[in-house]
Amino acid sequence: MSLMAGVIAVQGDFREHAAAIERAARAHGERAEPVEIRSSGTIPDCDLLLLPGGESTAISNHLQREGMGEEIVTHVEAGKPLLATCAGLIVACRDAGDERVEHLNLVDATVERNAFGRQRDSFETRLDVTGLEERFPAVFIRAPCIDETGDCEVLATFDGQPVAVRDGPVLGTAFHPELTDDARIHGLAFFESADE
Ligand code: GLN
């Protein structure tokens, strides 16, 4: 059986994410069929969902306008996995202190947009991530920092600040896990349960 993997394709590296999902599925002995999603109606059929980075204001406006935001919330409420990266995490979290972003409130955390970007626009570092044996090559691009976490698990920190969190079926990263060949974050989000 092939899992239907919805990649929200409003902005960002949706093709790289689709390829990473396929690689992660293979590594776990599963099969996944990525579909690019730009409007409502397909999300309810998806087994797993990915919300990529980009510009969080534009992404959240598109999701609300197209009625996709509610569908994503329903997906997560049904216990199905969502990986939200960078701007995707900004949209998925509780608050980013920017009224132009409409939040899905799926990750019990607040973030600050472009917080790492102010220091260095983009950079790569190797992170210890809970659940991964070897360090993960994480690429940060005008990344948010996670400044307050509520009822969610911090999976990785950088400079003492959380940069990867898990809230039930949702895994959120401040970095871009799709920009290297390493698909282990996608594997963690979609093919390994939180208890493993
Ligand atoms: N700076 C972007 C935002 O705040 C996020 C950047 C990214 O997704 N790489 O929306």
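The values are calculated or read from the model by the stated rules, or taken from the named source; none is laboratory data. Remember, predicted model here, so these are calculated numbers, not experimental data. Please note: Cβ atoms are built from the backbone with ideal geometry, for glycine as well, and neighbour counts cover all protein chains shown. For the accessible areas, the whole protein counts, side chains as well, though only heavy atoms, and no ligand, DNA or RNA atoms are used. Shrake-Rupley method; radii C 1.70, N 1.55, O 1.52, S 1.80 Å.
Only one of the listed residues (179, 106, 171, 155) is farther than 21 Å from residue 9 by Cα and modelled with pLDDT of 95 or more. That residue is 155.
If you go through the range 37-57 and keep only what is open to solvent by 40 Å² or more (accessible area, probe 1.4 Å) and within 15 Å of the ligand (Cβ to nearest atom), you end up with 54, 55. The strands (runs of 3 or more DSSP E) falling completely within the range 134-187 include none with 2 or more residues that are under 16 Å from residue 83 (Cβ atoms) and acidic (Asp, Glu).
So is residue 96 farther than 15 Å from residue 83 by Cα, small (Gly, Ala, Ser) and surrounded by 15 or more Cβ atoms within 10 Å (Cβ to Cβ) or not? Yes; evaluated as a whole, the condition is true for this residue.
Residues that are out of contact with any strand residue (DSSP E or B) (no Cβ under 8 Å at 6 or more places or on another chain) and open to solvent by 60 Å² or more (accessible area, probe 1.4 Å) within the range 8-22 comprise 15, 16, listed in sequence order. Criterion first (of a type outside the set (Ser, Thr, Tyr), touching a residue at least 60 places away in the same chain (Cβ under 8 Å) and either open to solvent by 60 Å² or more (accessible area, probe 1.4 Å) or over 21 Å from residue 50 (Cα atoms) (or both)) does residue 141 satisfy it? So residue 141 passes the test.
Does residue 101 count as in contact with a Leu (Cβ under 8 Å, 6 or more places away or on another chain), open to solvent by less than 90 Å² (accessible area, probe 1.4 Å) and within 11 Å of the ligand (Cβ to nearest atom)? Considered against the rule, which asks whether it is in contact with a Leu (Cβ under 8 Å, 6 or more places away or on another chain), open to solvent by less than 90 Å² (accessible area, probe 1.4 Å) and within 11 Å of the ligand (Cβ to nearest atom), residue 101 comes out as no. Looking across 5, 25, one residue alone is at pLDDT 95 or above, open to solvent by less than 40 Å² (accessible area, probe 1.4 Å) and assigned to a helix (DSSP H, G or I). It is 25.
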